[in-house]
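Some notes on the structure that comes next.
The values are calculated or read from the model by the stated rules, or taken from the named source; none is laboratory data. Keep in mind it's a predicted model, so treat the numbers as computed, not measured. A quick note on method: Cβ atoms are made from the backbone with ideal geometry, for glycine too, and the neighbour counts reach across all protein chains shown. Each accessible area value is taken on the protein alone, full model and side chains, heavy atoms only, with ligands, DNA and RNA left out. Shrake-Rupley method; radii C 1.70, N 1.55, O 1.52, S 1.80 Å.
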Amino acid sequence: MEETANSFMRLVKIMDELREQCPWDRKQTIHTLRHMTIEETYELADAITDENWPGIKEELGDIMLHLLFYAKIGTEQNRFTLSEAINSVCEKLIHRHPHIYGDVQVKDEEDVKRNWEQLKLQERNEQGELKKSVLSGVPRSLPSVVKAVRIQEKAKQVGFEWENKADVWKKVEEESNELQEAVQQNEQDRIEEEFGDLLFSLVNYARFLHIDPEAALEKTNKKFIRRFQQMEAIAAEQGKHLAGLSLAEMDAIWNEVKKQKHHC
């Protein structure tokens with residue numbers, strides 16, 4: 001614990017020094033930092049997807065630096081201090097875990113999540129922040145797949161949920177059929193709408209399969225990139241470019257690549 005505290009305070013001290021002495025660090029605002037923080041978060045997400053533990057360690061450090069940066073600016077503008085931010089989350093965690101710090105009984109993680117959402121609503125009401133909807137807490141800037149998951153999880157907390165994954169799959173099939181109907185009728189606006197409905201239903205099905213759809217799609221993206229680059233390499237070994245091959249020739253190389261086992 002002492003080692004952790006010492007390393008944290010070392011980083012706090014460095015942040016203070018950089019803010020005072022470095023022209024670049026002095027110039028930064030919460031707005032100039034925003035896009036860099038988002039980029040660092042995605043870099044952490046990449047490292048997590050790859051289970052790259054050295055990368056996870058590095059990216060966590062980068063994000064921690066950004067958090068201290070925001071806290072430093074908040075202190076300078078008399079908005080809040082670092083200790084206030086830390087104590088705030090400590091109090092929130094204690095309040096939202098009454099099964100640990102109180103006498104509330106829970107059966108499983110679903111009870112924990114349900115209590116968490118109810119306590120969030122209670123906190124908002126106590127602070128005078130009237131919420132028109134349980135979905136109001138979903139950030140607008142979330143990526144669409146992640147946002148769909150959060151919307152569905154929020155709706156679930158008030159009982160708006162399918163009973164089983166078989167029913168969810170029926171919904172997927174229904175949306176798929178509606179998309180095909182729109183395609184056949186060549187109604188572009190409806191095609192987009194039905195495609196979105198199908199994606200939303202697939203995200204819902206992923207939840208019932210206990211799969212993170214964003215992570216699953218990213219793994220498929222990485223797999224496609226790897227295989228496509230292997231195709232390019234094989235074509236180059238043959239003195240060819242993919243653009244000069246027929247679709248049948250590319251398909252043959254693709255199938256050859258798929259047979260190869262990938263070792264991370």
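Some observations on this one:
- Filtered residue count, the stretch 75-91, keeping only those that are within 14 Å of residue 16 (Cα to Cα) and open to solvent by less than 70 Å² (accessible area, probe 1.4 Å): 3
- Residue pairs meeting the criteria (Cβ under 6 Å; at least 6 apart or on separate chains; first free of Cβ contacts under 8 Å to residues at least 60 places away in the same chain, in the stretch 190-209; second surrounded by fewer than 17 Cβ atoms within 10 Å (Cβ to Cβ) and among the hydroxyl-bearing types (Ser, Thr, Tyr)): 198/176
- Matching residues, the stretch 226-259, being under 30 Å from residue 45 (Cβ atoms), open to solvent by less than 90 Å² (accessible area, probe 1.4 Å) and of a type outside the set (Lys, Arg): 228, 230, 231, 232, 233, 242, 254, 257
- Residue within the stretch 156-165 that is open to solvent by 60 Å² or more (accessible area, probe 1.4 Å) and closer than 27 Å to residue 43 by Cβ present: no
- Hits in the stretch 139-162 - residues which are of a type outside the set (A, V, I, L, M, F, W, C) and not in a loop (DSSP other than H, G, I, E, B): 144, 147, 150, 152, 153, 154, 156
- Top-ranked residue in the stretch 17-39 [being exposed (fewer than 14 other Cβ atoms within 10 Å of the Cβ) and of a type in the set (Asp, Glu); ranked as farthest from residue 218 (Cα to Cα)]: 20
- Any hit, the stretch 221-240, residues being part of a loop (DSSP other than H, G, I, E, B), out of contact with any Asp or Glu (no Cβ under 7 Å at 6 or more places or on another chain) and within 30 Å of residue 121 (Cβ to Cβ): no
- Criterion (open to solvent by 70 Å² or more (accessible area, probe 1.4 Å) and farther than 30 Å from residue 158 by Cβ) met by exactly one of 70, 42, 101: 42
- Scanning the stretch 178-220 for residues that are among the acidic types (Asp, Glu), farther than 21 Å from residue 167 by Cβ, in a helix (DSSP H, G or I) and open to solvent by less than 80 Å² (accessible area, probe 1.4 Å) returns 214, 218.
- Residues located in the stretch 48-67, provided they are hydrophobic (A, V, I, L, M, F, W, C), open to solvent by less than 50 Å² (accessible area, probe 1.4 Å) and within 22 Å of residue 141 (Cα to Cα): 63
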